[in-house]
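The values are calculated or read from the model by the stated rules, or taken from the named source; none is laboratory data. Nothing here was measured: the structure is a model prediction, and the numbers come from that model. Here Cβ is always computed from backbone atoms with ideal geometry, including for glycine, and neighbour counts include all displayed protein chains.
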Amino acid sequence: MPLSVRVDLAKNRVFIDASGTLVLEDALRLLDDLSMAGPEICGRGGIIDSSRVTGTTLSFDSIRQISEHVTHIEELFRGTRWAIVAPGDVMFGIARMYETLRSGSSFEIRTFRTSLDAQTWLQRNGSAD
């Protein structure tokens, strides 16, 4: 599976790792899995790491669909912060599209080129590490 989730209770953070070729169906399946996890995920921010993504079929329409899907489960993310790590140009652009679509929502999301920058941002803004 190109998307995996790990919840670190000690850090109160969710880690999502993406690898291989990222497609819309995988992203929507991940959101459904997060929704089913409910209490384990609710109120925890995290890092989405796309460093190991080698390709994607995601388009602007795909990102819009993902954003709409998130709207249906937004209560899980209310008040949290999420950092996307996207060192490659393609994934960085896709992540920025998503960030723009989600601006003004009940959670904060930012895109970074490095994991260190993402972690620094999460720590600086009150997240435990």
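The criterion of being surrounded by fewer than 17 Cβ atoms within 10 Å (Cβ to Cβ), among the basic types (Lys, Arg) and either at pLDDT 95 or above or under 23 Å from residue 33 (Cα atoms) (or both) does not hold for residue 124. Here the condition is being in contact with a Ser or Thr (Cβ under 6 Å, 6 or more places away or on another chain) and within 22 Å of residue 7 (Cα to Cα); of 110, 78, it holds for 78 alone. Cβ separations smaller than 7 Å between residues 6+ apart or across chains give the following pairs from the range 88-105 residues that are under 12 Å from residue 50 (Cα atoms) to residues that are surrounded by fewer than 19 Cβ atoms within 10 Å (Cβ to Cβ): 92/113.
The single residue among 60, 77 that is touching a helix residue (DSSP H, G or I) at 6+ places or on another chain (Cβ under 9 Å), among the aromatic types (Phe, Trp, Tyr) and surrounded by 14 or more Cβ atoms within 10 Å (Cβ to Cβ) turns out to be 77.
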